[in-house]
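Participant: The structure is given below, and queries will be raised subsequently.
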Amino acid sequence: MAELGRLLSDAHPLIRLPQSVEIDRALVNAFRDIWRLSESDGVEYGCNLFLNGGRVVPGRTLKGGQSAVDLQTDANAALDSYVGDFHVHPYERKMGPEAAIGFSTTDIDGDVQIRRRERSLFVHVVFAGTRLYMTLIPLSVRPNPSEPFSGHIDTSVGLNYIYDKGHDRAWQQGIQARNTAASLDTKIDIERQLWDSIPGYAKAFSKANKAMNKAFADFHRYGLYIGKDAHAIRPDATSYALFKKAGPT
């Protein structure tokens with residue numbers, strides 16, 4: 001199992017992406033602190049990731065909006081110490097504990113489009129409910145405009161689930177109520193009521209998002225890694241493990 005800091009410290013191009021990666025317990029604790037803040041406020045938070053003495057450390061916490069956070073990647077891409085980004089998808093409060101929504105198409109497109117300094121490997125981590133999703137992006141990854149599948153697989157499958165189960169009217173009314181609500185807290189409460197009224201939606205949407213993430217990793221040829229419950233790390237554990245789910249062998 002490769003340790004993330006050591007992996008990113010290596011100046012030599014990887015011949016093969018590892019099957020599993022360890023993240024230092026202190027870094028996971030920092031991620032969890034940002035996750036709590038994000039879920040509490042109902043907006044996305046994130047930070048840049050830097051190498052310091054062979055360890056990956058978080059930069060300052062950045063606050064975003066309901067569906068995005070500006071990670072200021074362009075401003076850091078030329079720094080020798082910059083190795084990637086982290087952000088939170090705060091879905092638990094508005095969709096429930098079964099929601100594990102990993103990278104969006106916008107996240108992925110941004111990662112493969114950005115022309116970074118010539119580092120052999122970059123990392124992006126997203127807190128998805130209880131799990132961490134992580135991409136390891138080799139320098140060899142280049143933008144590929146000819147995607148052979150829809151860029152919105154997760155969204156289309158979610159909508160199909162709503163219509164197939166006969167919840168389209170409830171969904172339309174719920175979304176309209178959310179969009180016209182005055183406060184963010186009210187919007188979140190309305191969303192939670194909506195998704196609770198559509199049994200199985202959070203699980204179906206999460207499953208579709210995971211399939212989309214795996215398809216993109218295989219298509220663009222970067223590594224996709226997913227860990228287990230990051231809130232349930234044993235007290236004596238010094239690290240958190242993520243396992244490769246897609247990408248080049």
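Participant: Full-extension gain between residue 239 and residue 193, please, as 0.36 nm times their residue separation minus the C-alpha to C-alpha distance.
Facilitator: Here the segment from residue 239 to residue 193 would lengthen by 12.9 nm.
Participant: Using Cβ counts within 10 Å as a stand-in for footprinting exposure, how do 87, 220 rank, fewest first?
Facilitator: Ranking 87, 220 by Cβ neighbours within 10 Å, fewest first, gives 220, 87.
Participant: Evaluate E = 1/(1 + (r/R0)^6) for residue 165 and residue 232, where r is the Cβ-Cβ distance and R0 equals 30 Å; express this FRET efficiency to the nearest 0.05.
Facilitator: 0.45
Participant: I'm spelling it out carefully: the read-out is Rg and Dmax of the Cα atoms in Å, the candidates are [x] 18.2, 55; [y] 29.9, 121; [z] 20.3, 66, and one was derived from this structure. Which label?
Facilitator: Among [x] 18.2, 55; [y] 29.9, 121; [z] 20.3, 66, the one calculated here is [x].
Participant: Dipole size in debye (nearest 20) for segment 76-125 around its Cα centre, Lys and Arg Cβ +1, Asp and Glu Cβ -1?
Facilitator: Computed about the Cα centre, the dipole is about 120 debye.
Participant: Any of 187/244; 187/214; 165/210; 94/210; 165/228; 63/228 with alpha carbons more than 28 Å apart? Name them for me.
Facilitator: Distance filter (> 28 Å) returns 187/244; 187/214; 165/228.
Participant: Another question, then. With angles folded into 0 to 90 degrees, how steeply does helix 201-220 sit against the dominant principal axis of the chain? Use alpha carbons for both and round to 10.
Facilitator: In the chain, helix 201-220 runs at an angle near 30 degrees to the longest axis.
Participant: Same structure, new question: What's the local net charge at residue 124, with K and R +1, D and E -1, over the other residues with C-beta under 10 Å away?
Facilitator: -3
Participant: Further, regarding this structure: Pop the C-beta distance of residue 78 and residue 29 into the FRET formula with R0 = 35 Å and round what comes out to the nearest 0.05.
Facilitator: Rounded to the nearest 0.05, the efficiency is 0.75.
Participant: Testing the spin-label approximation: label points 7 Å from Cα along Cα→Cβ at residue 52 and residue 211. State their distance in nm.
Facilitator: Distance between label points: 4.2 nm.
Participant: Give a residue-ordered list of calculated ³J(HN,Hα) values for segment 46-51 (Karplus: 6.51 cos²θ - 1.76 cosθ + 1.60, θ = phi - 60°; whole Hz; x for Gly, Pro).
Facilitator: So the J values, rounded to whole Hz, are x, 6, 8, 10, 10, 8.
Participant: If you don't mind, another one. Ratio of Rg to Rh for segment 1-116, alpha carbon only, Kirkwood?
Facilitator: Ratio value, two decimals: 0.97.
Participant: Taking the chain as the reference, fit the longest principal axis to its C-alpha atoms, fit the long axis of helix 168-180 to the helix C-alpha atoms, and give the angle between the two in degrees, 0 to 90, nearest 10.
Facilitator: Tilt relative to the chain: about 70 degrees.
Participant: For the chain, find the longest principal axis of its Cα atoms and tell me its angle to the long axis of helix 184-196, 0 to 90°, nearest 10.
Facilitator: Tilt of helix 184-196: around 80 degrees.
Participant: Residue 42: net charge of surrounding residues, Cβ under 15 Å, Lys/Arg +1, Asp/Glu -1, itself excluded?
Facilitator: Charge balance in the 15 Å sphere: 0.
Values in this text are rule-based calculations from the coordinates and carry no lab data. Owing to the predicted nature of the structure, the values given are computational and were not obtained by experimental measurement. Neighbour counts run over all protein chains shown; Cβ positions are idealised from the backbone, glycine included.
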